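*Asks:* One structure coming up, written as structure tokens, with questions to follow.
The values are calculated or read from the model by the stated rules, or taken from the named source; none is laboratory data. Predicted, not measured: the structure shown is a model, and the values here were computed from it. Reconstructed Cβ throughout: ideal geometry from the backbone, glycine too, with neighbour counts over all protein chains shown.
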């Protein structure tokens, strides 16, 4: 599942039989920004045309949180402010372990879909047994590096969809890429480094377009990796699409 599945404002569905509202599942995505280029570029991939959901859409690497993400050790931890913001308005019980799993999922999905390792080199003996789902990542000789990630935005899929996700968007600098491999699960047909202007011209999910605007604002204000910055939170409340801000007191 890619980040574009997270959320997209939609027209109200016609009246019909009452259906149970699905509970959103935790998901994560990672926005990688190359700031050595002028203007900066972001890494995006195109969903395969044969996929049933959003075929051909350009998205950031990402997907849902797996159980293994709660068990995987890491080289370091998230910034304390980011961990705290991840727990704000967290549905279903907030915990540091769940916040940590969200960041790990972003790193794992980026490795699976793009072959990019965000990690710290380790000796093979440092991990005696790889956590299921992380075997290939660890085989390259790395543990995930959570400190490289900044919590950037959050979006919940509106009610009425066949799949719903509570997606946290993280960002990191391209300099955090410690290794490139040929690993790919085939979900994205191609990966491209794109300027924000070029990305706006592509076939994007609505929420991805909104997130790109937020990223452009952060870059202009030089707050790209500011852990004190407020986090936009996109969701529906009482039938209205909202943009709230998550902030520490």
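*Asks:* Mind listing just one residue for me: the one in the range 170-207 that is touching a strand residue (DSSP E or B) at 6+ places or on another chain (Cβ under 6 Å), over 17 Å from residue 34 (Cβ atoms) and buried (at least 20 other Cβ atoms within 10 Å of the Cβ) and, of those, modelled with the lowest pLDDT?
*Replies:* The qualifying residue modelled with the lowest pLDDT is 188.
*Asks:* Counting only residues that are surrounded by 19 or more Cβ atoms within 10 Å (Cβ to Cβ), assigned to a helix (DSSP H, G or I), out of contact with any helix residue (DSSP H, G or I) (no Cβ under 6 Å at 6 or more places or on another chain) and modelled with pLDDT of 95 or more, how many does the range 130-153 have?
*Replies:* Kept after step one, since they are surrounded by 19 or more Cβ atoms within 10 Å (Cβ to Cβ), are these residues of the range 130-153: 131, 134, 137-138, 142-146, 148-153.
Filter again for assigned to a helix (DSSP H, G or I), leaving 137-138, 146, 148.
Filter again for out of contact with any helix residue (DSSP H, G or I) (no Cβ under 6 Å at 6 or more places or on another chain), leaving 138.
Checking which are modelled with pLDDT of 95 or more leaves us with none.
Summing the residues that are surrounded by 19 or more Cβ atoms within 10 Å (Cβ to Cβ), assigned to a helix (DSSP H, G or I), out of contact with any helix residue (DSSP H, G or I) (no Cβ under 6 Å at 6 or more places or on another chain) and modelled with pLDDT of 95 or more in the range 130-153 gives 0.
*Asks:* Continuing with this model, one more query. Checking residue 214 against (1) in a helix (DSSP H, G or I); (2) in contact (Cβ under 8 Å) with a residue 40 or more places away in the chain; (3) farther than 30 Å from residue 91 by Cα, which test does it fail?
*Replies:* (3)
*Asks:* Looking at the range 155-165, is at least one residue surrounded by fewer than 19 Cβ atoms within 10 Å (Cβ to Cβ), out of contact with any helix residue (DSSP H, G or I) (no Cβ under 8 Å at 6 or more places or on another chain) and at positive phi?
*Replies:* Among the residues of the range 155-165, at least one is surrounded by fewer than 19 Cβ atoms within 10 Å (Cβ to Cβ), out of contact with any helix residue (DSSP H, G or I) (no Cβ under 8 Å at 6 or more places or on another chain) and at positive phi, which makes the answer yes.
*Asks:* Just a yes or no: is a residue in the range 121-129 in contact (Cβ under 8 Å) with a residue 40 or more places away in the chain and either within 15 Å of the chain's Cα centre (by Cα) or part of a helix (DSSP H, G or I) (or both)?
*Replies:* Looking for residues that are in contact (Cβ under 8 Å) with a residue 40 or more places away in the chain and either within 15 Å of the chain's Cα centre (by Cα) or part of a helix (DSSP H, G or I) (or both), one finds none in the range 121-129, hence no.
*Asks:* Another one. Could you check the range 220-249 and list, in sequence order, the residues that are surrounded by 14 or more Cβ atoms within 10 Å (Cβ to Cβ) and within 18 Å of the chain's Cα centre (by Cα)?
*Replies:* 224, 225, 227, 229, 231, 232, 233, 234, 235, 246
*Asks:* Filter the range 46-61 down to the residues that are at negative phi and either in contact (Cβ under 8 Å) with a residue 40 or more places away in the chain or crowded, with 18+ Cβ neighbours inside 10 Å (or both) and list them by number. Show your work before the answer.
*Replies:* Step one: list which residues in the range 46-61 are at negative phi, which gives 46-53, 55, 57-61.
Across the range 46-61, the qualifying residues are 46, 47, 48, 49, 51, 53, 57, 58, 59, 60, 61.
*Asks:* Residue 213 fails exactly one of the following numbered conditions: (1) crowded, with 16+ Cβ neighbours inside 10 Å; (2) under 30 Å from residue 80 (Cβ atoms). What is the number of that condition?
*Replies:* Condition not satisfied by residue 213: (1).
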